[in-house]
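Taking it in order: structure first as structure tokens, then the write-up.
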Amino acid sequence: MGVTILAIESSCDDTSAAVLRDGFILSNLIAGQEIHMAYGGVVPELASRAHQANIVPVTDLALKRAGVAANEIDAVAFTRGPGLLGSLLVGTSFAKGFALARRIPLIEVNHLQAHVLAHFILEREKENRVPSFPFLCLLVSGGHTRIILMKSHLEMQVLGNTIDDAAGEAFDKCGKIMDFPYPSGPLIDRLAAAGNKNAFRFAKPHVKGLDFSFSGLKTSFLYFLRDRLKEDPDFIEKNKADLCASLQDTIVTILMTKLVKASQLTGIREIGIAGGVSANSGLRNALVREGEKRGWNLFIPHFSYTTDNAAMIAIAGYYKYLRGEFTGQDVVPLARF
Ligand code: KG4
Ligand code: ZN
């Protein structure tokens, strides 16, 4: 029989467990935490408590759905960081305990590396197109915005990074200004579909090289609405769709401008997106348009592998397993990796 990996992801507010055999995903379960919606953002203490309540049932179900017994697992992969320390501690401790009890290797995974490696997850009875190297990936999530050059499965170079907020934060913080629930990205995406993207203009940053900045956009959005609301207290309600469409278009343009530049600088046309914001339909459409124009070979992840999930931790763990990269029981989680 092949290599079977159990993976645990608990870096933020999703508790996830997955089982993967020889690169093929057998199960991928995610328990989200709705409790944070009322607070307009993730409350770390509540997140770690929910992880503690969820981790055993989620893992149990992931094994059952995969049809795999605990004694068939060859190694346990877990997210070591980056993320919320209390949340990471729950997943790390659980993975350590499982590995110790079963006397199997423990594999630490970098959450960001895993988001990019999601493109290599294989699914049974599917065509399974995977990128070849070198591969350029735009990683856009709630905590990170990076352009990553992948030279091999485990060799990555960061070409560009945000100097302040992440793209997902721009969606969420602007959503908060409009009194939307957290996380606002998916709702802005839905409302934008019925809006005019040229209705309003917001500041675009001038950042050198391949780096990004989103804090100026948030401020520009805030001041714009503050002025409009003085004239008309119902301005947001009346212009919701246009505000979302214009905001989304600004974020997508900022991202695409740097991705195009990265492709031109490196000569790489094997291109993909990853992370929570890669679910955004405006970004997906822009990528397809740009890809057709520039002859890119595009990789857009399945929706279930965009936001946080253990399947991506499992595939990263699998490649580390093949290289014999194991972790000791003395490992500690890292909020910043
Ligand atoms: O990767 P992820 O699940 O967690 C982090 O590691 O940060 O990303 C979550 C982020 C949130 O900011 C959320 O608003 C955003 O992804 N997001 C979206 C969409 N779906 C999720 N942003 C824009 N459009 C979407 N459809
Ligand atoms: Zn993530």
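The values are calculated or read from the model by the stated rules, or taken from the named source; none is laboratory data. Bear in mind the structure is a predicted one, so any value in this text is a computation, not a measurement. Note that each Cβ is placed from the backbone with ideal geometry, even for glycine, and that neighbours are counted across all protein chains shown. Keep in mind that these areas ignore ligands, DNA and RNA; they rest on the heavy atoms of the full protein, side chains included. Shrake-Rupley method; radii C 1.70, N 1.55, O 1.52, S 1.80 Å.
Work out from phi, with θ = phi - 60° and the Karplus expression 6.51 cos²θ - 1.76 cosθ + 1.60, the ³J(HN,Hα) of each residue of the stretch 57-71, listed in order in whole Hz, and give x for Gly and Pro.
So the Karplus estimates, Gly and Pro as x, are x, 5, 5, 4, 5, 4, 5, 5, 4, 6, x, 10, 8, 4, 7 Hz.
Setting aside same-chain residues fewer than 8 positions from Lys261, which lysines have a Cα under 22 Å from its Cα?
Counting by Cα, and skipping residues close in sequence, Lys261 has these lysines nearby: Lys151, Lys204, Lys208, Lys293.
With N set to the residue count of the stretch 23-171, report its C-alpha Rg divided by 2.2 N^0.38 Å to two decimal places.
Rounded to two decimals, the normalised Rg is 1.15.
Out of all DSSP beta bridges in the stretch 135-303, what portion is antiparallel? Express it as a percent rounded to 5.
So the antiparallel bridges in the stretch 135-303 amount to around 60 percent.
Give the percent of DSSP beta bridges with both residues in the chain that are antiparallel, rounded to the nearest 5.
If we restrict to bridges inside the chain, about 60 percent are antiparallel.
Tally Lys/Arg at +1 and Asp/Glu at -1 over every other residue whose Cβ is under 10 Å from the Cβ of Leu136; what's the total?
Charge balance near Leu136 sits at 0.
Considering only protein heavy atoms, what per residue accessible area in square angstrom results for the stretch 135-303 with a 1.4 angstrom probe?
On a per-residue basis, the stretch 135-303 sits at 45 Å².
Using only the Cα atoms of the stretch 135-303, construct the convex hull and provide its projected area averaged over every direction, in square nanometres to one decimal.
With every direction weighted equally, the projected area is 9.6 nm².
Tell me, how many Å apart are the Cα centres for the stretch 222-257 and for the stretch 276-317?
A separation of 25 Å, based on Cα centres.
Each residue of the stretch 163-176 in order: what ³J(HN,Hα) in whole Hz does its phi give by Karplus 6.51 cos²θ - 1.76 cosθ + 1.60, θ = phi - 60°, with x for Gly and Pro?
8, 9, 6, 8, 4, x, 5, 4, 4, 5, 6, 5, x, 5
Share of the stretch 135-303's accessible area from carbon and sulfur, percent, 1.4 Å?
With neighbouring chains kept in place, the figure for the stretch 135-303 is 51 percent.
What are the equivalent ellipsoid semi-axes of the chain, built from the alpha-carbon gyration tensor (square roots of five times its eigenvalues), in whole angstrom, biggest first?
35, 23, 16
In whole angstrom, and with the biggest value first, how far do the Cα coordinates of the stretch 293-337 range along each principal axis?
Principal extents (largest minus smallest coordinate, Cα): 50, 24, 19 Å.
Counting each DSSP H run of 4 or more residues in the chain as -39500 (n - 2.57), what helix-only mean residue ellipticity at 222 nm follows after dividing by all residues, to the nearest 500 deg cm²/dmol?
That calculation yields -14000 deg cm²/dmol at 222 nm.
Residue by residue, what Karplus-based ³J(HN,Hα) values in Hz, rounded to whole numbers, does the stretch 191-196 have, using 6.51, -1.76 and 1.60 with θ = phi - 60° and x for Gly and Pro?
With coefficients 6.51, -1.76 and 1.60, one gets 5, 4, 4, 9, x, 9 Hz.
By average Cβ neighbour count within 10 Å, what is the ranking of 174-183, 231-240, 109-118, 187-196 from highest down?
109-118, 174-183, 187-196, 231-240
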